[in-house]
Every structure is written in structure tokens, then in C-alpha cells.
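The values are calculated or read from the model by the stated rules, or taken from the named source; none is laboratory data. All figures in this text were calculated on a predicted structure; none of them were measured in a lab. Here the Cβ positions follow ideal geometry from the backbone for every residue, glycine too, while neighbour counts run over all protein chains shown.
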Amino acid sequence: MALELTRKGGSNKKPKPQVNILPQIEDFFQKNPIMKIIIPVVGFVIIVAVFLIIVFGDKVLTEDPSADVGVQNPNSNVVEVLPGGNDVTDDKLLEIINKDPLSKDILAGAKYTGYVTGSSGLKTALIELRKDVLVLSVGETVGESSWELIEITEDHVLFKAGEATKKINR
């Protein structure tokens, strides 16, 4: 009496024969010998690229290119004003300036240093006032005072507070 073993499901399927692809690969490289060089080089380049992305990727992706020191963009409206040595030394003038910063004399001792024209054509005046530099456009006021900048030219700026006006030349 012979016993026959069957697979689950009751079928006697024969297992698929194993395909050996090694001879096919060897045949490919014999027909294309340059591929023995190209494939390792491409693999090396991919590994180097992945390594560089991992090491330097965060720095490149999160770095602000406009933050580079010394690089100037001609379309930029950014102006850096460095502190100068133009301190007020006149005691009478200092007394007027320090008396009331919101008085009409707030512009006493102010020096018009120039203006910047943005890419949109908007002029912005640079005015030294004591140890500060004011950056004002037409329509803006000096601090909380009533002095409003109403005109910017190459030679002067003009402020108005009520009926009073004050012209500051360069």
C-alpha cells in the first residue's frame, strides 16, 4: 500500500523550476564590456551625491542667500546706516534737545544725510538726530511728535507741524 502526499488544496502542482540569471548577466557584460566601467561609476556618483545631500543638505536648504554679508542686490531696498561721530557738542543746543523730545524743537540739531530711492520709486530720507538715525518717507512723523515729513529732495527735507515748517538742508 503506497501513500501519496498531496499539497493543501488537493492539487499536485509541480514546483516552478529555478531560473539561473547568472549566465545571462555574464553574457550581457561580455557583449557590453564598457558597462563594467559605467555601472560602478554611476553607482559611485549616486553614493557621493546622497552623502553630500545628507551632510550639507540642511545648510543649503535653510540658508538665506540674501543674508550673505558683502553681497549687494541692486533691487534691494535695504540700507545699513553706520553710527557716525557727529555728536552734538553745543551745550545750548543740547539743552533745547533734551528739554522735551516732543516739542517743536525736536528737530533741533537734525542733519539731513541723504535719501534712498527704492525700486518702486519711493524716496526714504536718512536724518541724523542726536545719536539716532531716522529713516522716514513722505507722510511719516518724527516719533510721536506732530512733525510730518512732507518733501524729500536731493538738497533738503521739509517738515510741517500745524502751520510751522522746518527745512533741513544737506
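Checking Ser137, Ser103, Ser146, Ser120 one by one, the residue that is at pLDDT below 65 and among the hydroxyl-bearing types (Ser, Thr, Tyr) is Ser103 and no other. Inspect all residues belonging to segment 86-97 and state whether any of them is modelled with pLDDT of 75 or more, in the same structural domain as Glu151 (by TED's automatic domain parsing), surrounded by 14 or more Cβ atoms within 10 Å (Cβ to Cβ) and within 16 Å of Lys166 (Cα to Cα). No - not one qualifying residue is present in segment 86-97. Within segment 103-113, being in contact with a Lys or Arg (Cβ under 7 Å, 6 or more places away or on another chain) and part of a strand (DSSP E or B) holds for one residue alone: Tyr112.
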